[in-house]
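Taking it in order: structure first as structure tokens, then the write-up.
The values are calculated or read from the model by the stated rules, or taken from the named source; none is laboratory data. All values reported here derive from a predicted model rather than from experimental measurement. Backbone-built Cβ (ideal geometry, glycine too); neighbour counts: all protein chains shown. To get the accessible areas, we keep the full protein, side chains included, count just its heavy atoms, and leave off ligands, DNA and RNA. Shrake-Rupley method; radii C 1.70, N 1.55, O 1.52, S 1.80 Å.
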Amino acid sequence: MNVFDAIQQRRAMKRFDPEFQLSQTDKKQLLNNVMQNAPSAFNLQHWRPVLIEDAELRQQVRKIAWDQPQVTEASLLIILCAKLDTWEKDASQVWTGVPEETQKVMVGAIDQYYRGRSQTQRDEVMRSAGIFAQTFMLLAKDQGLDSCPMDGFDFDAMGKLIQLPEDHVVCLMIAVGKGTSQPYPRIGKLPYDDLVKLNHF
Ligand SMILES: Cc1cc2nc3c(=O)[nH]c(=O)nc-3n(C[C@H](O)[C@H](O)[C@H](O)COP(=O)(O)O)c2cc1C
């Protein structure tokens, strides 16, 4: 499938075939492809996807997610989390393989960009997670799968359910599987000129 078709055909799926099962190999391959190829700020790869495979835990997630059926029907349910302090903990590691001088420059630049700027640290992981999610959903479409990005859930309760570490945040949830519902027509798209500004607001 070409990229344009994948973009056009990806829709937020509301119901999935609960009998459809992706193999563990397929799930891993999908995730790995995204992890290897999606961009992230300073290559920090902030994302930490948590796969909810346990049926009882799925039920608990559904309870805190407005009882949305995608949660239990999807073959793959990912709570896309991110690590807030990758800038401090992982910077050297993700810049190995370049000349030593370049690595030093990058690690220094990363430190300067993030240190003492908690809002920037949080914004940055959300940006990377958003791009990760869209890349993932387009790849899923390419593989004949449907998906739904979701933030209709109680974030604090989710953190507790998945035992989120202190230095991580929950970004959003992604459900993937074989869709069984017809998407709503593409509605309410705002006019180009209302959204796009030329040079300034
Ligand atoms: C961050 C985010 C959160 C969303 N949360 C939910 C959700 O909890 N449940 C749901 O059914 N759809 C959810 N959606 C899907 C949107 O409603 C959907 O993308 C939008 O209506 C446009 O439809 P389309 O994706 O089919 O083009 C979410 C989308 C985004 C980007």
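Under 16 Å between alpha carbons, and skipping anything fewer than 8 positions from residue 89 in its own chain: which lysines qualify? Excluding near neighbours in sequence, the set is 104. Solvent exposure of the chain, expressed per residue, is 59 Å² of accessible area, with all protein chains present and a 1.4 angstrom probe.
Only four residue types carry charge here, +1 at the Cβ of Lys and Arg and -1 at the Cβ of Asp and Glu. Report the dipole size of region 13-180 about the Cα centre in Debye, rounded to the nearest 20. Rounded to the nearest 20 debye, it is 200 debye. With the Kirkwood sum run over all distinct C-alpha pairs, the chain has a hydrodynamic radius of 18.5 Å. The residues packed around residue 140, meaning those with a beta-carbon under 12 Å from its beta-carbon, carry a net charge of +2 if Lys and Arg are +1 and Asp and Glu are -1.
If we count every other residue with Cβ under 14 angstrom of residue 109's Cβ, Lys/Arg +1 and Asp/Glu -1, where does the sum land? Charge balance in the 14 Å sphere: -1. Summarising the amide proton neighbourhood of residue 168: residues at separation of 5 or more, or on other chains, whose placed amide H is nearer than 5 Å comprise 84. Just the protein heavy atoms count here, and of the accessible area of region 74-138 at 1.4 Å, carbon and sulfur take up 52 percent.
Between the Cα long axis of helix 118-142 and the first principal axis of the chain there is an angle of about 40°, rounded to the nearest 10. GNM remark for the chain: springs join alpha carbons under 10 Å apart, and the peak mean-square fluctuation among 143, 70, 119 falls on 119.
Taking θ as phi - 60°, what are the ³J(HN,Hα) couplings along region 44-52 by the Karplus curve (6.51, -1.76, 1.60), each to the nearest whole Hz, with x for Gly and Pro? Running phi through 6.51 cos²θ - 1.76 cosθ + 1.60 with θ = phi - 60° gives 7, 6, 4, 5, 9, x, 10, 8, 9 Hz. With respect to the cross-link table entries 28/189; 83/141; 27/83, which display a Cα-Cα separation exceeding 25 Å? Cα-Cα > 25 Å for 28/189; 83/141; rest within.
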